[in-house]
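Colleague: To start, I am sharing the structure in question, which I have written as structure tokens.
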Amino acid sequence: MAQEQIQEQRLTQQQKLAQSITQQQLLQAQLIELPITQLVERITAEMDDNPALEPSAEEPEYIDSPESSDNTESSADSYEEEERQSALDAALESLGRDDEDLPVYQSGMSSQEEREDVVYGQTQSFYDQLMEQMNLFELTDEERNVMEYLIGSLDDDGLLRKPLHSIADELAIYHNIDITEQQIEQVLLKLQEFDPAGIGARTLQECLLLQIQRREPSHLKDLMTRTVEEYFELFTKKHWNRLQQVLQLTDLQGETLIRELRKLNPKPGTAMGEVVGRSIQQITPDFIIDTQDDGTVTFSLNMGDVPELHVSQSFTDTLNEYQTNKENMSRQMKEALLYTKKKVDAAQGFIEAIRVRRQTLTSTMRAIIQWQHRFFEDGDEASLRPMILKDIAEKTGLALSTVSRVSNSKYAQTRWGTFPLRFFFSDGYKTAEGEELSTREIKMALRDLIDGEDKKKPLSDDTLKTLLAEKGYPIARRTVAKYREQMGIPVARLRR
């Protein structure tokens with residue numbers, strides 16, 4: 001009987017120990033997953049909840065946002081009109097470079113000061129405004145989760161450039177949501193009903209059409225729709241005279257059409273306010289990566305407004321005093337001791353979790369840079385080697401789930417732009433000879449071949465297979481078809 005009681009006590013002790021470890025690990029996992037801006041919010045909430053956790057005496061430096069000038073309403077409208085026209089022209093000029101298969105991750109911010117203005121501004125974020133609109137729709141729990149993910153996947157201009165098949169894969173792998181591309185598209189169509197018009201468009205053409213569709217029925221609306229749908233190439237190349245001819249318009253009608261088309265916003269995200277328009281997609285990078293001219297790559301963690309934390313000295317002194325006199329303690333003093341110890345332990349655990357986060361992020365980023373060193377040297381996407389989460393997990397000794405958490409919602413500022421960490425990961429294709437090729441590199445080569453084909457005689461998958469093999473990418477015809485479909489490129493007969 002005594003033996004059974006001893007075994008029961010041991011089992012109870014082991015269960016309690018395992019629970020304590022799990023709680024600390026859970027805290028570490030939560031902090032590891034948070035991007036820098038959300039980490040600051042979590043630390044602030046923790047300090048509010050735990051008086052034993054305090055920041056160091058040195059306050060972080062802030063850069064004030066520039067004060068807005070007192071322009072008149074008419075001059076402001078004129079400025080916005082010029083901005084829209086300039087943005088539309090820039091979008092048309094860049095069409096075919098950043099509006100195709102390659103995602104646009106570069107933030108476009110010209111200085112460190114501007115980035116910090118965006119981060120620490122007190123206006124409501126682009127993301128928050130869209131989330132508020134989402135609450136006005138009747139959605140199932142699954143649709144709501146998908147909608148939130150789509151909103152978080154928008155680029156800073158409000159467009160969705162990530163392919164739906166990639167979103168479906170990410171939802172399945174990282175959020176355990178098994179959903180088809182067609183179901184995701186149905187949710188996306190609801191997102192495209194949000195304000196401002198054009199939000200959630202996948203291309204510039206779709207973005208402009210979404211805005212035109214919201215106009216009142218008119219002959220002008222029909223002309224604008226025909227222009228963007230049927231004569232988009234003339235429009236993008238700004239061949240206004242030719243456009244006027246094919247539409248059989250008078251000079252006055254042509255000028256009116258062009259003027260109204262120029263009012264369309266190629267970056268609907270900017271319609272949500274000056275700071276908000278840059279949006280949370282003008283994210284704060286978690287890593288600052290610097291490439292020297294000699295190819296040396298260094299990096300640092302962006303700690304932003306994260307303060308140095310320590311345990312309150314008054315709580316420490318009180319705890320020491322109570323423990324010194326615990327033999328002669330009253331019931332009230334014992335309760336005070338338990339409260340103080342609980343808060344001190346929680347503060348120490350939180351500080352340790354912050355330390356583990358910093359160490360884990362550093363280890364992961366170091367491994368990514370070592371693996372993708374060529375990309376950080378030349379910025380060429382074709383230089384990215386095949387790399388999956390398991391590769392970095394093995395290189396760092398971290399758990400696969402930990403690497404996944406680090407890579408989720410984190411961004412890296414490089415010499416070549418600002419990229420989500422997921423950008424550096426891609427599957428590999430192994431040839432019959434055992435050589436591993438990056439699927440991203442193969443897709444880029446495939447895209448180049450299709451872009452350069454004679455549209456009167458588009459290349460078949462068999463021909464593309466042969467041409468890719470000549471370029472050093474010996475993949476099967478069915479693989480060519482799979483990659484082509486993933487990039488949203490139709491079969492040859494539909495590319496005429």
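The values are calculated or read from the model by the stated rules, or taken from the named source; none is laboratory data. Everything numeric in this text was worked out from a predicted model, so none of it was measured. Positions of Cβ are generated from backbone atoms using ideal geometry, with glycine treated the same way; all protein chains shown enter the neighbour counts. The protein model used for the area step is the full one, side chains on, heavy atoms only, and it has no ligands, DNA or RNA in it. Shrake-Rupley method; radii C 1.70, N 1.55, O 1.52, S 1.80 Å.
Colleague: Exactly one condition in (1) among the aromatic types (F, W, Y); (2) at pLDDT 85 or above; (3) open to solvent by less than 20 Å² (accessible area, probe 1.4 Å) is false for F126; which is it?
Modeller: Condition not satisfied by F126: (2).
Colleague: Just name the residue that is modelled with the highest pLDDT out of those in segment 364-422 that are among the basic types (K, R) and touching a strand residue (DSSP E or B) at 6+ places or on another chain (Cβ under 8 Å).
Modeller: Applying the filter and picking the extreme gives R366.
Colleague: Which is out of contact with any Pro (no Cβ under 9 Å at 6 or more places or on another chain) and either touching a residue at least 24 places away in the same chain (Cβ under 8 Å) or not in a helix (DSSP H, G or I) (or both), of R366, R355?
Modeller: Numbers: R355 fails: either touching a residue at least 24 places away in the same chain (Cβ under 8 Å) or not in a helix (DSSP H, G or I) (or both).
Going through R366, R355 in turn, just one is out of contact with any Pro (no Cβ under 9 Å at 6 or more places or on another chain) and either touching a residue at least 24 places away in the same chain (Cβ under 8 Å) or not in a helix (DSSP H, G or I) (or both): R366.
Colleague: Still on this model: Condition first: among the acidic types (D, E), modelled with pLDDT of 90 or more and either under 21 Å from the mean Cα position of the chain (by Cα) or surrounded by 14 or more Cβ atoms within 10 Å (Cβ to Cβ) (or both). Can you find one or more residues in segment 290-297 that meet it?
Modeller: Yes, that holds for at least one residue.
Colleague: Same structure again: Which residues, taken from segment 432-464, are at pLDDT below 85 and β-branched (V, I, T)?
Modeller: Of everything in segment 432-464, those that are at pLDDT below 85 and β-branched (V, I, T) turn out to be T439, I442.
Colleague: Can you tell me which of (1) touching a strand residue (DSSP E or B) at 6+ places or on another chain (Cβ under 7 Å); (2) in a helix (DSSP H, G or I) is the one Y339 doesn't meet?
Modeller: All conditions are met except number (1).
Colleague: Return only the number of the condition from (1) closer than 26 Å to Q372 by Cβ; (2) part of a helix (DSSP H, G or I); (3) open to solvent by 50 Å² or more (accessible area, probe 1.4 Å) that K465 does not satisfy.
Modeller: Failed condition: (1).
Colleague: Then there's this: If a residue has to be open to solvent by less than 60 Å² (accessible area, probe 1.4 Å), part of a helix (DSSP H, G or I) and under 25 Å from L164 (Cβ atoms) to count, how many in segment 469-487 make the cut?
Modeller: 6
Colleague: Out of (1) modelled with pLDDT under 85; (2) more than 27 Å from Q129 (Cα to Cα); (3) open to solvent by less than 30 Å² (accessible area, probe 1.4 Å), the odd one out for L247 is which?
Modeller: All conditions pass for L247, except number (1).
Colleague: Take segment 384-399 and flag every residue that is over 10 Å from Q372 (Cβ atoms), over 20 Å from the mean Cα position of the chain (by Cα) and open to solvent by 30 Å² or more (accessible area, probe 1.4 Å).
Modeller: The answer is K390, D391, E394, K395, T396, G397, L398, A399.
Colleague: Another one. Given the condition more than 26 Å from A399 (Cβ to Cβ) and small (G, A, S), answer yes or no: does some residue in segment 364-373 qualify? Write out each step before concluding.
Modeller: To start, the set of residues in segment 364-373 that are more than 26 Å from A399 (Cβ to Cβ) comprises none.
Looking through segment 364-373, none of the residues is more than 26 Å from A399 (Cβ to Cβ) and small (G, A, S).
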